[in-house]
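Enquirer: Just dropping this structure here.
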Amino acid sequence: MKDILERLANGQIDIAEAEKLLKANNILEFDDIAKFDIKRNQRTGFPEAIFSPSKDYDDLITIIKNYLKKTDEDLIITKLSSERYGKILEDMGENTYIFDYNRRAQILIIRNEIRDRSPIAKIGIITAGTSDINIAEEARVIVEHGGCEAITSYDIGVAGIHRLFPQIAHMVSEGVRAFIVCAGMEGALPSVVAGLVDVPVIAVPTSVGYGVGEGGRVALDAMLQSCAPGIAVVNIDNGFGAGVFALTIVYSD
């Protein structure tokens, strides 16, 4: 960027050429294996994340090292197994970075420093069952990284619906700006929540289920078919996407 601006100041390029080069400079290319959108945080309000599972490990560690060398932004890696996390720590060796890994959510944030700041809003996060907690935790990590406070209540699904109402009442009294509701099986919980509250509900189908519900497709279809207004639905097991959408709601006000 400095080189481009110096060339512009010296009259070597015009404004139109400088603009084109700066836009191109927003994308980092790592050994022809990744084109990383380093300016996404400035453009959209949240940085690009690395989806880990389908990547060769050598490619993954190359992306991590090059990213950290070329920017001071936090790096988020999703769906990262504990085994791969341990290998990353070994390969990174002695360094000044802070590694914040949530084993349940399988999400890693690599930071240059810890930034203390007061939460700008509160987000409620609910699961139907204990088996959905890993996806809810992924959303919680993202919500908190984005500057919000997460108020969580897990295992309060429709199979024991009496458990739900006190938790919803508490979150409403705390002034949550949105609810993230994770459910597998028949996926009914987001509809129930949306019928009780006056803020957006982000429904997250999970791959918890068996028989016709195996893999989360039944939960996804049920959430898409909900008759309760005010629901947005993300993909199966997409806690990351739900967290980013909740932050979008908060920051758009």
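Enquirer: What pairs come out if I take residues in the stretch 90-101 that are at negative phi and pair them with residues that are in a strand (DSSP E or B) whose C-beta lies under 6 Å away, six or more apart or interchain?
Expert: Tyr97/Ile110; Ile98/Arg111; Phe99/Ile110; Asp100/Ile109; Tyr101/Leu108
Enquirer: Output the residues belonging to the stretch 79-89 that are free of Cβ contacts under 8 Å to residues at least 24 places away in the same chain and closer than 25 Å to Arg115 by Cβ.
Expert: Tyr85, Leu89
Enquirer: When you look at Ser207, is it surrounded by fewer than 22 Cβ atoms within 10 Å (Cβ to Cβ), of a type in the set (S, T, N, Q), closer than 21 Å to Val176 by Cα and without any contact (Cβ under 8 Å) to a residue 40 or more places away in the chain, yes or no?
Expert: Values: surrounded by fewer than 22 Cβ atoms within 10 Å (Cβ to Cβ): yes; of a type in the set (S, T, N, Q): yes; closer than 21 Å to Val176 by Cα: no; without any contact (Cβ under 8 Å) to a residue 40 or more places away in the chain: yes.
Judged against the criteria, Ser207 is not a match.
Enquirer: I need a count of the residues in the stretch 221-237 that are surrounded by 21 or more Cβ atoms within 10 Å (Cβ to Cβ) and at negative phi. Steps first, please.
Expert: Of the stretch 221-237, the ones surrounded by 21 or more Cβ atoms within 10 Å (Cβ to Cβ) are 222-223, 233-234, 237.
Checking the rest, the ones that are also at negative phi come to 222-223, 233-234.
Of the residues in that region, 4 qualify.
Enquirer: Something else about it: Filter the stretch 123-156 down to the residues that are outside any helix (DSSP H, G or I), of a type in the set (Val, Ile, Thr) and touching a Lys or Arg at 6+ places or on another chain (Cβ under 9 Å), then identify the one that is farthest from Ala105 (Cα to Cα). Walk me through how you get there before you give the answer.
Expert: Our first condition is that a residue be outside any helix (DSSP H, G or I); within the stretch 123-156, this holds for 123-129, 146-156.
If we keep only those that are of a type in the set (Val, Ile, Thr) too, we end up with 123, 125-127, 151-152, 156.
Cutting the leftovers down to touching a Lys or Arg at 6+ places or on another chain (Cβ under 9 Å) gives us 123, 125, 151-152, 156.
Details: Ile123: 17, Ile125: 14, Ile151: 16, Thr152: 14, Ile156: 19 Å.
Per the criteria, the residue is Ile156.
Enquirer: May I ask you to verify whether Val172 is surrounded by fewer than 17 Cβ atoms within 10 Å (Cβ to Cβ), assigned to a helix (DSSP H, G or I) and either free of Cβ contacts under 8 Å to residues at least 60 places away in the same chain or under 19 Å from the mean Cα position of the chain (by Cα) (or both)?
Expert: Details: surrounded by fewer than 17 Cβ atoms within 10 Å (Cβ to Cβ): yes; assigned to a helix (DSSP H, G or I): yes; either free of Cβ contacts under 8 Å to residues at least 60 places away in the same chain or under 19 Å from the mean Cα position of the chain (by Cα) (or both): yes.
Taking the combined requirement at face value, the residue satisfies it.
Enquirer: What helices (runs of 4 or more DSSP H) lie completely within the stretch 7-104 and have 1 or more residues being surrounded by 17 or more Cβ atoms within 10 Å (Cβ to Cβ) and at pLDDT 85 or above?
Expert: Details: elements: 15-25, 40-44, 57-70, 82-92.
Fully inside the stretch 7-104 and qualifying: 57-70, 82-92.
Enquirer: Let me ask another. Of the conditions (1) outside any strand (DSSP E or B); (2) closer than 23 Å to Lys79 by Cβ; (3) in the same structural domain as Val233 (by TED's automatic domain parsing), Ile180 fails just one. Which one is it?
Expert: Unmet for Ile180, out of (1) outside any strand (DSSP E or B); (2) closer than 23 Å to Lys79 by Cβ; (3) in the same structural domain as Val233 (by TED's automatic domain parsing): (1).
Enquirer: Over 22 Å from Ser52 (Cβ atoms) and exposed (fewer than 15 other Cβ atoms within 10 Å of the Cβ), is that true of Ser118?
Expert: It is true that Ser118 is over 22 Å from Ser52 (Cβ atoms) and exposed (fewer than 15 other Cβ atoms within 10 Å of the Cβ).
Enquirer: Filter the stretch 143-169 for residues that are closer than 26 Å to Asn102 by Cβ, surrounded by fewer than 21 Cβ atoms within 10 Å (Cβ to Cβ) and of a type in the set (A, V, I, L, M) and give the result.
Expert: Hits for the stretch 143-169 are Ile151, Leu164, Ile168.
Enquirer: Further question: Please tell me if Arg117 is assigned to a loop (DSSP other than H, G, I, E, B) and more than 19 Å from Ala242 (Cα to Cα). Please lay out each step first, then the result.
Expert: Values: assigned to a loop (DSSP other than H, G, I, E, B): yes; more than 19 Å from Ala242 (Cα to Cα): yes.
Answer is yes for this residue.
Enquirer: Among the residues of the stretch 188-197, are any in the same structural domain as Asp237 (by TED's automatic domain parsing), touching a residue at least 40 places away in the same chain (Cβ under 8 Å), within 15 Å of the chain's Cα centre (by Cα) and farther than 24 Å from Leu75 by Cβ?
Expert: No, every residue in the stretch 188-197 fails to be in the same structural domain as Asp237 (by TED's automatic domain parsing), touching a residue at least 40 places away in the same chain (Cβ under 8 Å), within 15 Å of the chain's Cα centre (by Cα) and farther than 24 Å from Leu75 by Cβ.
The values are calculated or read from the model by the stated rules, or taken from the named source; none is laboratory data. The shown structure was predicted, so the numbers you read here are calculated from the model rather than taken from an experiment. So basically every Cβ, Gly included, is an ideal-geometry build from the backbone, and we count neighbours across all protein chains shown.
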